[in-house]
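Working notes, structure below.
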Amino acid sequence: MSVEKDTLTRRGFLGVGSAAVAATGLFSIGKTASAREQDDSKYEAKSDKSATDPGPTNPVLDAANSDSTNPPASDAGGVQTFKYPFSFSHKRLHEGGWSREVTMRELAVSKSMAGVNMRLTAGGVRELHWHTASEWAFMLYGTARITCIDSDGKSFVTDVKEGDLWFFPTGIPHSIQGLGPDGCEFLLVFDDGNFSEYETVLLSDWMAHTPKEILAKNFGVSQKAVENMPKKELFIFQAEVPGSLEDDRRIAAGKLGPSPVDFAFRTMQHPATATNQTGEVRIVDSNSFKISTAIAAAIVTVKPGGVRELHWHPNADEWQYFFAGKGRMTVFATGGRARTMDFETGDVGYVQKTLPHYVENTGTTDLKFLEMFKSSFYQDLALSEWLVHTPPSLVTAHLQLDRATLDALPREKPLIMPGERRGRS
């Protein structure tokens, strides 16, 4: 067993207590004791009258962010915003689809990773290109055909559907095209918080900025033959729906043959890493998806009332994307600070490395989200895992818990914990 895989198998990934909420991201700037005391005084129990807000207000945003407008008593101190909805992002509309991004320019705490949400029509093409960052993708809807060549110039062509993944390392040229009947939508995650989809190497852009006489010499054709090449970038454009996968694979392979590297991952063909009646977790890292050496992921489902355990990640920041349901997350920061924020479909969250957090399903349907890490392997530590492997007398001295409570903590790998769905007063 590899060290990386052993790191995962020895870690719990979900599990303790249902007395929590949800959040992520924060300051690492220290404060004096007196400054913290002043902050803490603002978060003491308030009367109903103290919490009222005569306005003016934005009732729609307030209702969607109740844990910010009326934070739980357990929140304390100033914690940097760790949520940004894709709905706030500028959408680049093209004939053939659209795209929008969340980077550290939109979510300042998100320094290690960035995300792009993209839609392609049937036949719509994200043109041939490559990035200075690695690209990890998750199919949200429909079907697409992806292509690339590996470092030996051998071709890879395949079709992907909802729930499938792909990974293209830095500098690997690739394309994405929507298939029938209704194209596709997907999430792209990059291992650089400063990444922008505006900063890619595009085939059309490259050709437009290369002298025609050089192109003619390079391709061994007349200059007239290259006169009709695009004069500016395509980025996303409409084309015909591609033909059969077998034909595309055969023609692209040519004399070199197809690439031996599988750049796609069929998520649902693999068993869940951990599952119980309250949810499941699917870990995808270099142990199971060999090419994904720069980004690791967990695909999490939490049923109504359930809690994604109190835990932290020792090896990397966590970039999140919520793609179904509603929840809330609390992040605990240094200096006794904590903040709770609400999340729903389309929101991006972020938790800095080593900071404790948890996510609770506050809706009536399954909460589904991605946990993404700039790492070749997934790793987490759970609160319950820590406590049950510490001498009981030491834990009791800290938390004043009786032995029966300590004995009730999960002894095996903790899973998503059940609990009743709670509203806010």
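The values are calculated or read from the model by the stated rules, or taken from the named source; none is laboratory data. These figures come from a predicted structure and were not determined experimentally. Note that we place each Cβ from the backbone using ideal geometry, even for glycine, and neighbour counts take in every protein chain shown. To get the accessible areas, we keep the full protein, side chains included, count just its heavy atoms, and leave off ligands, DNA and RNA. Shrake-Rupley method; radii C 1.70, N 1.55, O 1.52, S 1.80 Å.
Over 21 Å apart at the Cα level, from the set 212/255; 111/368; 49/83; 83/161; 111/374, are 212/255; 111/368; 49/83; 83/161. Straight-line cross-link reach from residue 232 at under 20 Å between alpha-carbon atoms covers these aspartates and glutamates, not counting any fewer than eight positions away in the same chain: 95, 127, 197, 199, 205, 213.
Share of Cα-Cα pairs in the chain beyond 42 Å, in percent?
Beyond 42 Å sits 22 percent of the P(r) for the chain.
When shorter helices are ignored and each DSSP H run of at least 4 residues is given -39500 (n - 2.57), the per-residue value for the chain at 222 nm works out to -4000 deg cm²/dmol.
Need one word for segment 46-111: rounded, prolate or oblate. Basis is the Cα gyration tensor (sqrt eigenvalues a ≥ b ≥ c); a/c below 1.5 gives rounded, then a/b vs b/c decides.
oblate
Normalised size of segment 189-287, defined as Cα radius of gyration per 2.2 N^0.38 Å with N residues, equals 1.67.
Ranked by solvent-accessible area (1.4 Å probe, protein heavy atoms only, all chains present), the residues 182, 53 order from largest to smallest as 53, 182. When +1 charges are put on Lys and Arg Cβ atoms and -1 charges on Asp and Glu Cβ atoms, the dipole computed for the chain relative to its Cα centre reaches about 180 debye. Packing order of peptides 362-374, 151-163, highest average first: 362-374, 151-163 (average count of other Cβ atoms within 10 Å over each peptide's residues).
Rounded to the nearest 10 square angstrom, residue 140 shows an accessible area of 30 square angstrom against a 1.4 Å probe. Each Cα pair under 8 Å and six or more residues apart adds its separation to the average, and for segment 156-306 the resulting relative contact order is 30 percent.
The alpha carbons of segment 102-235 stretch over 48, 36, 28 Å along the principal axes, in descending order. Considering only alpha-carbon pairs that sit under 8 angstrom and 6 or more positions apart, the relative contact order computed for the chain is 24 percent.
Working from Cα pairs under 8 Å separated by at least six residues, relative contact order for segment 54-157 is 15 percent. On a C-alpha basis, how far is the centre of segment 110-159 from the centre of segment 185-221 in Å? Whole number, if you could? What the calculation gives is 14 Å, centre to centre.
Other residues with beta-carbon under 12 Å from the beta-carbon of residue 85 carry, at +1 per Lys or Arg and -1 per Asp or Glu, a net charge of -2.
Between segment 327-341 and segment 239-309, the alpha-carbon centres lie 32 Å apart.
Label segment 282-425 by shape, choosing from rounded, prolate and oblate, from the square roots a ≥ b ≥ c of the eigenvalues of the Cα gyration tensor; if a/c is under 1.5 it is rounded, and otherwise prolate applies when a/b is larger than b/c, oblate when it is not. Oblate, because a/c is 1.5 or more while a/b does not exceed b/c.
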